[in-house]
């Protein structure tokens, strides 16, 4: 029996979330989404590899309409990924409209179908000011909607919603997670670029300045 569905992007937050759930003894399955982001081609193999390593059932759902219809620099159809710091003004172009709402809806339906009682999403406190569908008020409202829509069978939980990415990095290190098996860079090239906002946040999270970051960057 599966009791928890982890929305696994292949990034470090969702990887730590899955490792934590397994460490707590939960019976986990993972669901990933191919929605046309510039870094999907780098993230999804990481997600697949993580699931193979942890022996977790894994589904990849294709959502081509997001890339075709939605506007965001994160998508293959969008503009350039912004360089610099991970803050609201710099990163707002990477918002994919209602992405989490769409993905969580699918994950909730999948959870109910396989008898899982919860869906876990790794959005964190650093996302709140940039992405509307990561904010506490959205999380609470959407969790309530899923509770109603599944007749109380499925809960949506956001374990990292009140902590920042550095706390997540520290937690993953304690859990023995190999961060080289995760992907963050929004550009999706062969190496993490080291200069985009997402890489800037990864460096902060993994204590790059303290020499603890195992990531190989194009520009460190």
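Computed values, structure above
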| quantity | calculated |
| --- | --- |
| Relative contact order of the range 4-210, pairs being alpha-carbon contacts under 8 Å that are 6 or more residues apart, as % | 26 percent |
| Simple label model, 7 Å out from Cα along Cβ direction - residue 113 to residue 77, nm | 2.5 nm |
| Label selected from (1) 49, 25, 15; (2) 32, 19, 15; (3) 26, 20, 16, the criterion being semi-axes √(5λ) of the Cα gyration tensor in Å as computed here | (3) |
| Ranked list, fewest to most other Cβ atoms within 10 Å of each Cβ, for 31, 106 | 106, 31 |
| Net length gained if the chain between residue 90 and residue 65 were fully extended (0.36 nm per residue, minus Cα distance) | 6.4 nm |
| Ascending count of other beta-carbon atoms within 10 Å, so fewest first, for 130, 61 | 61, 130 |
| Ranked 150, 182, 215, 85, criterion: other C-beta atoms within 10 Å, fewest first | 85, 150, 215, 182 |
| Residue-averaged [θ]222 nm for the chain, counting only DSSP H segments that reach four residues, each worth -39500 (n - 2.57) | -11500 deg cm²/dmol |
| Whole-angstrom gap from the range 126-198 to the range 70-94, using each part's C-alpha centre | 17 Å |
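The numbers here are math on the coordinates, done by the rules we state, and not lab data. Computed from a prediction, not measured in an experiment: that's the story for all the values here. Positions of Cβ are backbone-derived with ideal geometry, glycine not excepted, and every protein chain shown enters the neighbour counts.
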